[in-house]
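First the structure, then my questions, so here it is.
The values are calculated or read from the model by the stated rules, or taken from the named source; none is laboratory data. Remember, predicted model here, so these are calculated numbers, not experimental data. Here the Cβ positions follow ideal geometry from the backbone for every residue, glycine too, while neighbour counts run over all protein chains shown.
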Amino acid sequence: MIRDAGPEDAAACAAIYAPYVTDTTITFEIDPPSVEEMAVRIKQALETHAWLVIEDDGRVTGYAYAGPMKARAAYRWSCEVSVYLEVGRRRTGAGRALYEALFERLIARGYRTAIAGITLPNDASVGLHTSLGFEPIGTYRKIGWKLGGWHDVAWGQRPLAVLPDPPAELT
Ligand SMILES: CC(C)(COP(=O)(O)OP(=O)(O)OC[C@H]1O[C@@H](n2cnc3c(N)ncnc32)[C@H](O)[C@@H]1OP(=O)(O)O)[C@@H](O)C(=O)NCCC(=O)NCCS
């Protein structure tokens, strides 16, 4: 079951995210966010974009969210998306289902383009984004230092909706 997140999901989302922060280069954060910080992030995302969770037997096992691509005003119809499943939960269709639901929310608010950054290598994330129609844009080389090495980040973008221009204001 996929639903909008609420503040009560902060602990589950923080727990899912923490091992990716401490043990991998999938995210460039160095310190896992606290439950309070995660609650703030969820609230902010819900106000302007979207934050969804997926439940398995009533337990949150993954989440996807979107945030601003860049602060400058003309970028505002573009957003950056991300998805995390609890470690070990792979290839069940959850990543795709979360993203498809996320994109529906974003389209409903008026967003036009999703972008995503993937620290390389990450076969699952590259596969997911390719499968969902993200077009490769380019790769920042040695752009982040974490866990004793430099890492490349590949960027992709995907149209969310093709609608008449000028774009309507976001809701
Ligand atoms: C990336 C992630 C969300 C994918 O979720 P998932 O539930 O495993 O993916 P799905 O089962 O929905 O698969 C969707 C498509 O992604 C691709 N894919 C998934 N895992 C893959 C893998 N290991 N290798 C290649 N392609 C893969 C496939 O094209 C798949 O379609 P298919 O079922 O026809 O093969 C999940 O692996 C994850 O949480 N990884 C850790 C966090 C992360 O990397 N997040 C992205 C940050 S950029």
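Need pairs with beta-carbon distance below 7 Å; first residue under 14 Å from Val153 (Cα atoms) and within region 119-134, second in a loop (DSSP other than H, G, I, E, B) and more than 6 Å from the ligand (Cβ to nearest atom); sequence gap 6+ or separate chains.
Thr119/Thr25
Against the conditions (1) free of Cβ contacts under 8 Å to residues at least 24 places away in the same chain; (2) within 14 Å of the ligand (Cβ to nearest atom); (3) not aromatic (Phe, Trp, Tyr); (4) not in a strand (DSSP E or B), where does Pro33 fall short? Just the number, please.
(2)
For region 65-81, what are the residues that are closer than 11 Å to Ala114 by Cβ, in contact with a Phe, Trp or Tyr (Cβ under 6 Å, 6 or more places away or on another chain) and crowded, with 23+ Cβ neighbours inside 10 Å?
Scanning region 65-81 gives a single hit, Cys79.
For region 65-154, list the strands (runs of 3 or more DSSP E) that sit wholly inside it and hold at least 2 residues that are away from the ligand (no atom under 13 Å from the Cβ); which are they?
Hits in region 65-154: 78-85, 135-146.
On the basis of being surrounded by fewer than 20 Cβ atoms within 10 Å (Cβ to Cβ) and touching a residue at least 40 places away in the same chain (Cβ under 8 Å), does Arg59 make the cut?
Judged against the criteria, Arg59 is a match.
Note down all Cβ pairs under 8 Å where the first residue falls in region 36-55 and is at pLDDT 95 or above, the second is acidic (Asp, Glu) and assigned to a helix (DSSP H, G or I), and they're at least six residues apart or on different chains.
Cβ pairs passing all conditions: Ile42/Asp9; Val53/Asp9.
Right, next: Restricting attention to region 1-17, report how many residues are assigned to a helix (DSSP H, G or I) and under 15 Å from the mean Cα position of the chain (by Cα).
4
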